[in-house]
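The values are calculated or read from the model by the stated rules, or taken from the named source; none is laboratory data. Only a predicted model underlies this, so the values are computations on that prediction, with no experimental measurement involved. Neighbour counts are summed over all protein chains in view; Cβ atoms, including those assigned to glycine, are modelled from backbone coordinates with ideal geometry. These area figures cover heavy atoms from the full protein model, side chains too; ligands, DNA and RNA do not enter into them. Shrake-Rupley method; radii C 1.70, N 1.55, O 1.52, S 1.80 Å.
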Amino acid sequence: PEDTVTSSFASFIPAARPEHLSNTVRHRSKRMILDSIGVGLVGSTTRVFDIALRYCRELYSPVAVSSVYGKPGLKLSPTLAAFTNGVATHSMDFDDTWHPATHPSGAVLPALLAASQMLPPGTKPSGMDFLLAFNVGLEVQGRLMHFSTEAHDIPKRFHPPSVVGTLGSAAATAKLLSLSRAQCSHALGIAASLAGAPMANAATQAKPLHIGNATRLGFEATLLAARGMEANPFILDDIPGCSGFSAFYGIYQPKPLSAPGEYHEFLLEKQDIAFKRFPAHLGMHWVVDAALSVRNLFVNYAGSFSPALIRTIVLKIPVSKYINRPFPSSEHQARHSFQFNACAALLDGEVGLGSFTESSIQRQELRELLDKVVVEHPEDNVANFDKMYGEVALLLHSGDVLTGKCDTFYGHWRKPLSKESLLKKFRSNASHVLPEAKIDTIIAMVDNLEELADSSQL
């Protein structure tokens, strides 16, 4: 069918060309690729990753061609490698976040890495092919998120990357594998039937599966479409009486994606990405920066941080049930707790990998701080990553009140990480599993991705 939203997306995918990528888009997307590899590498050290890897190795007999983060010499079948690496990427909730809210890189990059290794010698995609496919996957996710006003707020019903990420993975791999327009349409339709995960599994070990499944199942949708499987050609359109992609949203107003001509402006050109400085839900970064700010005031006031002087800790945060957790009991709950992250920042003067260990979570002094927390939800503090703020006020026994507030944390798209900060994060994450020489090689390879003849080397 011509002139439908779905067909416009299907037309865009094969029509996108390297020259459509501006210098800004190339620069930003390479930062995303580097950061995502780093968080995937450090994520390969987690228990939930080990569970997913053991599941793949025990239950499947793989055609072993695709590499696994952090496991030199081990290979899995392409789709299972994508799944396992996707789990690693989100295992600590350390991966990038876009607006409207989703985790775009983890849903696309693992599938492209696995697909690059899957192709036979002589047909390997170049670094530019890889970079273009990555951006096609981002573009499809971003456009889908803009089809509903519901998507602009912190989610309540389903985890966005499990939905838009699955179609983003399908679009990216369809581009990399050079599927036809019709096959791209079917890949998106098949992916829509494989998408979705409820928010109730946030703050559990199941949440990283959302990214693992998105990247794997989108890839599988493309492979099925390449082999002749068909799906509804109106999947992205708003057809009365028969829900396609609109099944995920109460408000759904799709718009065609124009075929790129001499020029195409990708969404990444207009909307930068947020990179996390520590491994927790993005909302935590506001309260941590606010807590660190008020902690400095407290130290100047009292000479040192003394919890005994604090009567009440007031957090002013947006309403979002799944990240309002007064007493988290696991690392995944702690990564999704405004209260925990504020108190950890106050107590330690920082939040990092070590903040989410069981011993750190169960500390008596931290529990005593959590007992002092009171939460308020000001009307102007909306659950939206582009508009929210975090405020931490210390009400002292003396009657004095100290307040710290953060409107834009360092790493937000309005306040991007510097090159030095991004490289520092990558080196720190990658050093958990790779020697320095290999870390340097990856940095150089991503930085010069357009010149790479064979992207499977990545």
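Less than 12 Å from a label point 7 Å out along the Cα-to-Cβ axis of Ala308: which backbone N atoms in the range 322-350 qualify, by residue? Inside the label zone: nothing. Rounded to the nearest Hz, the phi-derived 3J(HN,Hα) couplings of the range 287-295 under the Karplus curve 6.51 cos²θ - 1.76 cosθ + 1.60 (θ = phi - 60°) are 6, 5, 5, 5, 5, 5, 5, 6, 4, where x marks glycine and proline.
Relative contact order for the range 324-404: 21 percent, from Cα pairs under 8 Å spaced at least 6 residues apart, divided by residue count.
The phi-based Karplus calculation (6.51 cos²θ - 1.76 cosθ + 1.60; θ = phi - 60°) puts the 3J(HN,Hα) values of the range 179-196 at 6, 6, 4, 4, 5, 4, 4, 5, 4, 5, x, 5, 4, 4, 7, 10, 9, x Hz, whole numbers, x for Gly and Pro. For the chain, averaging the sequence separation of C-alpha pairs within contact (under 8 Å, six or more residues apart) and dividing by the residue count gives a relative contact order of 21 percent.
A straight chain from Ser418 to Glu265 at 0.36 nm per residue would run longer than the Cα-Cα distance by 52.7 nm. As a length-normalised measure over Cα pairs under 8 Å and 6 or more apart, the relative contact order of the range 22-130 settles at 29 percent. Here's the list of lysines a cross-link from Lys270 could span, going by alpha-carbon distance under 25 Å and ignoring same-chain residues fewer than 8 apart: Lys30, Lys175, Lys255, Lys387, Lys415, Lys419, Lys425.
Cross-link partners of Lys75 among lysines, defined as those whose alpha carbon lies under 22 angstrom from its own and excluding same-chain residues fewer than eight positions apart: Lys124, Lys438.
Relative to the first principal axis of the alpha-carbon coordinates of the chain, what is the inclination of helix 78-90, with its axis defined by its Cα atoms, in degrees from 0 to 90 and to the nearest 10? Its long axis makes an angle of about 20 degrees. Rounded to the nearest 10 degrees, the angle from helix 436-447 to the longest Cα principal axis of the chain is 60 degrees. For the range 209-322, the equivalent ellipsoid derived from the alpha-carbon gyration tensor has semi-axes of 47, 18, 17 Å in decreasing order.
With θ taken as phi - 60° and the Karplus curve 6.51 cos²θ - 1.76 cosθ + 1.60 applied, the whole-hertz 3J(HN,Hα) list for the range 228-239 is x, 5, 10, 9, 4, x, 10, 4, 9, 7, 9, 9 Hz, x standing for glycine and proline.
Could you check how much of the accessible area of the chain is carbon and sulfur, as a whole percent, using a 1.4 Å probe? Here it works out to 51 percent.
This structure gives volume of the Cα convex hull per residue in Å³, computed directly, and of [x] 140; [y] 148; [z] 180 that value is listed as [x].
Applying 1/(1 + (r/R0)^6) with R0 = 35 Å to the Cβ-Cβ distance of Asp447 and Val375 gives a FRET efficiency near 0.20.
Annotation: amide H of Val375 within the under-5 Å range of Leu315, sequence separation 5 or more or interchain, hydrogens built in the peptide plane.
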